[in-house]
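Take a look at the structure set out below.
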């Protein structure tokens, strides 16, 4: 009979315990890593699980005679046309083709389109690209939990509105939950777009991405994140377009 040395006994009986310990340690590490990735870096926009807004009263988009080759305005909004925001005065974005007319109108309605909340007009740029309009601080603040219907139109024909290209969408201001507020409080500009995109906060996700693109135009990661964000909402064709400084109210009114 061949005897086993005491050291071999120790190895035989301790090996399973060691492997079990290693497995427990790896599991705990994976769980901790997953917790730390609550707001992981991902530039894919994740729409929140919410009901779709009402159908547009007059369709979505139509072209106009004053647009080059009768191309269309493209609103930069999620596929369901509802953009969430945390801001009292969010920023709206559109992609515009070249136009022979330089005046556009923005209208914000509430109460099922029965009440004019805010309206303004502004001058358009001389070239095609992505433009934005920030609701000014002088405008009424969006109320938390309320949905607003906006319209954007280019005034091709002041006498016949049927010739004016128009797009519309909805915006709703929400109150951030505590984990989101804590993540935002710790984040820098480089992390903000992914935090907003992960939480489904459209207006701030795109606004911070635009800020990064303007401040770091040659940053490869910023350019990749930009393309990924647009691709995730079916707007890949818009991603190469320049971001143009526009637009400021020429006149405005509110309720």
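Of the strands (runs of 3 or more DSSP E) lying entirely inside segment 101-188, those containing at least 1 residues that are without any contact (Cβ under 8 Å) to a residue 60 or more places away in the chain, surrounded by 13 or more Cβ atoms within 10 Å (Cβ to Cβ) and more than 18 Å from the chain's Cα centre (by Cα) are 103-110, 147-154. Please state which one of 195, 238 is in contact with a helix residue (DSSP H, G or I) (Cβ under 7 Å, 6 or more places away or on another chain), more than 22 Å from residue 95 (Cβ to Cβ) and in contact (Cβ under 8 Å) with a residue 24 or more places away in the chain. One residue alone meets the criteria, 195.
FYI, it's all coordinate maths here, none of it is from the lab. What you see is a predicted model, and the numbers here were worked out from it, not measured in a lab. Heads up, the Cβs are rebuilt from the backbone with ideal geometry, glycines too, and the neighbour counts pull from every protein chain shown.
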